[in-house]
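Participant: One structure, as structure tokens, below. Some questions next.
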Amino acid sequence: MGSSVVLATAGYDHTIRFWEATSGICYRTLQYADSQVNKLEITADKTLIAAAGNPHIRLFEVNSNNPQPIISYDGHSSNVTSVGFQKDGKWMYTGSEDGTVKIWDLRAPGCQREYESRAAVNTVVLHPNQGELISGDQHGNIRVWDLTANACSCELVPEVGTAVRSLTVAMDGSLVVAANNSGTCYVWRAMRGSYLTTHFEPLHKLRAHQGYVLKCMLSPDVRQLATTSSDKTVKLWNLDGFTLDRTLAGHQRWVWDCVFSVDAAYLVTASSDCTARLWDLSTGDAIRIYSGHHKACVTCALNDSAIDGRDDS
């Protein structure tokens, strides 16, 4: 991982911490006074980081000593569980336990669009085509929101009444995976239909963990699926046959979040044990432990792409 790596973690101690990925040194701490931080996301150009709390979203500058958020988004009425950005950083999307998915234009105030899920939204992902948002909720519903048609184009319910905890879409748009509270991952092949609408073809049902699956993440090279769980482990699954490649053990409590490095060689995880860890996936070893949070660490964000936010080229 190169020098322009942005790695941040947050959780229940009301702080966002930035880390030197290789040394494990925390070089900047931001206070998030209002609530715990549920999710972090870094823009593609590495200039901004969004922190989703209860019920606000705050945007901070990455390469600055400014401790204050540069903008705050206040449209949700409950915990914000998901946050992400359109690839050019033009807009941000969020999901909340208030039952809505919202879109925010970063160049204008307020919320521009809102979609009603009718149940607490636990997870939202943006399809790489940038034209569809996919949400998963507490009642077990997965909905595809077509941003061109401005409507729900598809609805899936893999297990009625079992909360969908996490969704992930392959970088090439070929697969969608949903993880739920019963420890199962559902895998669909995503087919391109007419009018750029995604169709879902069931591919596999994976019994991933005995406990909850809290996060599922497809690797950037679409060769592996990572699952994190309340059973304190992280598992890496080979997408060619859905066999278990390895189990990452070491966290002492629930593992809430994970993110791959861009080359899929490393994984960062966040846990209720107050630490985040950097795993070398070729060995399965935790090669760095990020210690400094005083309460549960529930989210980690990593941008180690070749784009450098400090460079205007």
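The values are calculated or read from the model by the stated rules, or taken from the named source; none is laboratory data. Remember, it's a predicted structure, so these values are computed and weren't measured experimentally. Virtual Cβ from ideal backbone geometry, glycine too; neighbours counted across all protein chains shown. Calculation scope for accessible area: heavy atoms of the full protein, side chains included, ligands and nucleic acids excluded. Shrake-Rupley method; radii C 1.70, N 1.55, O 1.52, S 1.80 Å.
Participant: Given the options THR227, PRO202, ASN141, identify the residue whose Cα lies farthest towards the positive end of the charge dipole of region 138-256 (+1 on Cβ of Lys, Arg; -1 on Cβ of Asp, Glu).
Facilitator: About the Cα centre, the residue reaching furthest to the positive side is THR227.
Participant: For a bin width of 10 Å, list the pair-distance distribution of region 234-313 built from all Cα-Cα distances, rounded to whole %.
Facilitator: With a bin width of 10 Å, the distribution comes to 18, 44, 27, 10, 1.
Participant: Also: Which whole-number percent is the relative contact order of the chain (Cα, under 8 Å, 6+ apart)?
Facilitator: 14
Participant: For region 166-280, with only Lys/Arg (+1) and Asp/Glu (-1) charged at the beta-carbon, what is the dipole magnitude about the Cα centre, in debye rounded to 20?
Facilitator: 300
Participant: Counting only Cα atoms, I'd like the Rg/Rh figure for the chain, Kirkwood definition for Rh.
Facilitator: 0.93
Participant: Placing +1 on the Cβ of each Lys and Arg and -1 on the Cβ of each Asp and Glu in region 6-165, which of GLY99, SER72, VAL157 has its Cα farthest towards the positive end of the resulting dipole?
Facilitator: SER72
Participant: Only four residue types carry charge here, +1 at the Cβ of Lys and Arg and -1 at the Cβ of Asp and Glu. Report the dipole size of region 1-146 about the Cα centre in Debye, rounded to the nearest 20.
Facilitator: Magnitude of the dipole: close to 220 debye.
Participant: If we sort 107-113, 166-172, 89-95, 204-210 on the protection proxy, mean other Cβ atoms within 10 Å, highest first, what's the order?
Facilitator: Going by the mean number of other Cβ atoms within 10 Å, highest first, we get 89-95, 166-172, 204-210, 107-113.
Participant: Starting at the first residue of region 260-276, write each ³J(HN,Hα) from the Karplus equation 6.51 cos²θ - 1.76 cosθ + 1.60 with θ = phi - 60°, in whole Hz, x for Gly and Pro.
Facilitator: Result, ordered by residue: 7, 5, 5, 8, 6, 8, 10, 9, 9, 10, 10, 9, 4, 6, 6, 10, 10 Hz.
Participant: Just the projected area, averaged over all directions, of the convex hull on the alpha carbon atoms of region 143-200: how many nm²?
Facilitator: 4.2
Participant: Also, quick follow-up: Treating only the Cβ of Lys, Arg, Asp and Glu as charged (+1, +1, -1, -1), what charge dipole size does the chain show about its Cα centre? Round to the nearest 20 debye.
Facilitator: 500
Participant: With Kirkwood's inverse mean 1/r over C-alpha pairs for Rh, give me the Rg to Rh ratio of region 160-313, two decimals please.
Facilitator: We get a ratio of 0.99 for region 160-313.
Participant: Which whole-number percentage describes the relative contact order of region 144-191, with Cα contacts under 8 Å and a sequence gap of 6 or more?
Facilitator: RCO, region 144-191: 25 percent.
Participant: Hey, any idea what % of the chain's accessible area is carbon plus sulfur with a 1.4 Å probe?
Facilitator: Result for the chain: 48 percent of the exposed heavy-atom area is carbon or sulfur.
Participant: Right, here's the next one. Using the heavy atoms of the protein chains and a 1.4 angstrom probe, tell me the accessible area per residue for region 25-159 in square angstrom.
Facilitator: Here the residues of region 25-159 average 39 Å² of exposed surface.
Participant: Can I ask one more? Going by amide H atoms built from the backbone, whose H comes under 5 Å of the H on TRP91, apart from near neighbours?
Facilitator: For TRP91, whose amide H was placed from the backbone, the distant partners under 5 Å are GLN86, LEU106.
Participant: In addition: Amide H of SER166: which non-local residues (sequence gap of 5 or more, or other chain) have their own amide H closer than 5 Å, using H built in the peptide plane?
Facilitator: ALA179
Participant: Net charge near TYR212, counting Lys/Arg +1 and Asp/Glu -1 over other residues with Cβ under 9 Å of its Cβ?
Facilitator: 0
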